[in-house]
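Structure record follows, encoded as structure tokens.
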Amino acid sequence: MDYLAQVKERCLAERTVATRERYDKFIHDAIDPWHKHMLTVLRDHWWSEIIGDVDATMATLVKDPVYQFHGGSLHTAVVNTTEAAREMYASLYDAGYYPGGVLENMRIACADWGVVIESDLTSVLPGAAFNLPNMRIDPALPYQSTSQAMQSQPFDRETGLMKGEIVYLGDITEIFIARR
């Protein structure tokens with residue numbers, strides 16, 4: 001399969017495929033079947049964000065998933081219903097934003113309750129998503145930004161699906177108008 005051709009965010013395409021290869025290696029190296037399952041669902045969720053497929057995204061989530069975004073320079077947000085999660089993704093995808101992004105320097109820890117990922121996250125988001133009062137950010141323009149991230153993805157053992165995501169972002173280490 002030509003993954004490179006499927007990536008919507010062309011300015012991040014090659015690095016995004018490298019992230020997919022890292023996910024695939026983590027899945028391959030996992031010994032515990034439950035850990036392997038969670039990593040596969042998580043990779044598929046992330047990939048659905050890369051290709052902008054809202055139905056595939058929602059297929060990885062339990063009913064009424066909980067999303068929390070904290071820290072960094074993004075506006076804080078909480079989503080806790082199926083409808084709100086679908087709207088969050090659909091509005092991003094419809095506007096041409098694919099939030100999965102590039103994950104570099106990935107470290108993953110699996111436990112019975114879920115998965116934690118620490119990485120340097122690079123993605124392209126609209127200027128309106130940022131809370132940077134000391135910078136001139138045009139809310140209508142796309143910005144490529146990088147920051148350290150820690151993502152916690154709890155899983156439901158009965159359904160095998162993600163219960164949502166809790167994302168903690170560090171300060172942005174790089175931001176510029178995206179060249180798409």
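The values are calculated or read from the model by the stated rules, or taken from the named source; none is laboratory data. Computed from a prediction, not measured in an experiment: that's the story for all the values here. Cβ sites come from the backbone with ideal geometry, for glycine too, and all protein chains shown count toward neighbours. The accessibility values were calculated without ligands, DNA or RNA, using every heavy atom of the protein model including side chains. Shrake-Rupley method; radii C 1.70, N 1.55, O 1.52, S 1.80 Å.
Taking the stretch 129-140 on its own, how many of its residues are among the hydrophobic types (A, V, I, L, M, F, W, C) and either under 26 Å from residue 18 (Cα atoms) or in contact (Cβ under 8 Å) with a residue 40 or more places away in the chain (or both)?
4
When you scan the stretch 133-140, do you find a residue that is at pLDDT 95 or above, among the aliphatic types (A, V, I, L, M) and farther than 13 Å from residue 175 by Cα, even just one?
No, because not a single residue in the stretch 133-140 is at pLDDT 95 or above, among the aliphatic types (A, V, I, L, M) and farther than 13 Å from residue 175 by Cα.
Tell me, which residue of the stretch 46-71 that is surrounded by 20 or more Cβ atoms within 10 Å (Cβ to Cβ) and small (Gly, Ala, Ser) is nearest to residue 158 (Cα to Cα)?
48
Quick one: what pairs do we get from the stretch 94-116, first residue surrounded by 14 or more Cβ atoms within 10 Å (Cβ to Cβ) and modelled with pLDDT of 95 or more, second part of a loop (DSSP other than H, G, I, E, B) and among the charged types (D, E, K, R), C-beta under 6 Å, 6+ apart or different chains?
Taking only residues 6 or more apart or on different chains, the pairs are 98/8; 98/9.
Which members of the stretch 57-88 meet the condition of being in a helix (DSSP H, G or I) and either over 20 Å from residue 151 (Cα atoms) or more than 14 Å from the chain's Cα centre (by Cα) (or both)?
82, 83, 84, 86, 87
Filter the stretch 24-45 down to residues that are in contact (Cβ under 8 Å) with a residue 40 or more places away in the chain and out of contact with any helix residue (DSSP H, G or I) (no Cβ under 7 Å at 6 or more places or on another chain) and give me whichever is surrounded by the most Cβ atoms within 10 Å (Cβ to Cβ).
38
Since residue 21 meets every condition but one in (1) out of contact with any Leu (no Cβ under 9 Å at 6 or more places or on another chain); (2) touching a residue at least 40 places away in the same chain (Cβ under 8 Å); (3) open to solvent by 30 Å² or more (accessible area, probe 1.4 Å); (4) in a helix (DSSP H, G or I), which condition does it not meet?
(2)
Every residue, every condition in (1) surrounded by 20 or more Cβ atoms within 10 Å (Cβ to Cβ); (2) closer than 15 Å to residue 12 by Cβ; (3) over 16 Å from the mean Cα position of the chain (by Cα), yes or no:
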{"position": "90", "(1), (2), (3)": "no, no, no"}
{"position": "124", "(1), (2), (3)": "yes, yes, no"}
{"position": "132", "(1), (2), (3)": "no, no, yes"}
{"position": "141", "(1), (2), (3)": "no, no, yes"}
{"position": "158", "(1), (2), (3)": "no, no, yes"}
{"position": "175", "(1), (2), (3)": "no, yes, yes"}
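Just give me the residues in the stretch 70-117 being of a type in the set (Ser, Thr, Tyr) and touching an Asp or Glu at 6+ places or on another chain (Cβ under 9 Å), in sequence order.
73, 81, 82, 89, 93, 97, 98
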